[in-house]
Each structure stands twice: as structure tokens, then as C-alpha cells.
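Q: Sending over a structure as C-alpha cells; questions will come in a sec.
The values are calculated or read from the model by the stated rules, or taken from the named source; none is laboratory data. Predicted model, so just to flag it, every value in this text is computed and none were measured. Neighbour counts run over all protein chains shown; Cβ positions are idealised from the backbone, glycine included.
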Amino acid sequence: MIIPSFSEIKDVTNSRYELVILTAKRARKIVDGAKPLIETDSTNPVTISIEEILDKSIVFGEPMSDREYAKKIEEEKNSKYEIIRERELRELESRTELEDDFIGSDGENA
């Protein structure tokens, strides 16, 4: 289990109690089936939630309902997927241009 140093905790919050509450709530979400927001080798929900908090994937903010929280997480996930799709599309377009240059306009190798 990760035991963050006080300096790491101070970067997140000045209150250890807030950290405990956030960690417990996120760990509960993971136990209930939420996917981790980071890549990790950990299987312990508490450890995963602490790693997410230290990675700033989970941050303190305005209190929100479970529905609002789920919507926010879904929007962030979709945003990340959109970035990945755009990157893959640019790579595909780049490969297509290289293939076109290699083959040439008459269908023969250049």
C-alpha cells in the first residue's frame, strides 16, 4: 500500500481528513465497478484511489451528486478518447500520404 509523504499530501490538500474522505469515496466507486482512471499494477481499490489522487486524476472540488460525478468522469473519458482518435486519424493520414508518394499517381513504385 502506498503511504504518501506529507509533502505529497500538501500538494493535494492541507487536510488529511479530506484526503481520507476522497480516498474512501473513490475506492468505493472502484469496488462498485468503476474503472481506474490511471494505468496501475495495483489491485487494491484504496491504493488505486490514492495513486489517482496523487496523479491528479481525482481532485478536490465542489461537492457533487453521484450522477453529476459519473457524468463528469464520462465526459473526461470521452475527451481523452477523442484526443486519441484524432491522433490516430492524423497518423493514418500521414501513412496514406507516404503510401501515395511511394506508389505514385500511375500505380507504379516511384
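Q: Can you name the condition, by its number, that A34 falls short on among (1) closer than 25 Å to S7 by Cα; (2) among the small types (G, A, S); (3) in contact (Cβ under 8 Å) with a residue 12 or more places away in the chain?
A: (1)
Q: Go through (1) of a type in the set (V, I, T); (2) under 30 Å from V20 (Cα atoms); (3) loosely packed, with under 12 Cβ neighbours inside 10 Å; (4) at pLDDT 90 or above one by one and return the number of the condition I38 breaks.
A: Condition (3) is where I38 drops out.
Q: Return the total of residues in segment 3-30 being at pLDDT below 75, outside any helix (DSSP H, G or I) and surrounded by 13 or more Cβ atoms within 10 Å (Cβ to Cβ).
A: Qualifying residue count, segment 3-30: 1.
Q: Give the residues of segment 54-79 that are of a type in the set (D, E) and assigned to a loop (DSSP other than H, G, I, E, B), sorted by residue number.
A: D55, E62
Q: Sticking with this structure for a sec: When E51 is evaluated against the numbered criteria (1) in a helix (DSSP H, G or I); (2) more than 18 Å from E18 (Cβ to Cβ), which criterion, by number, is the only one it fails?
A: (2)
Q: Of the residues in segment 51-82, how many are under 12 Å from the mean Cα position of the chain (by Cα) and farther than 29 Å from N14 by Cβ?
A: 6
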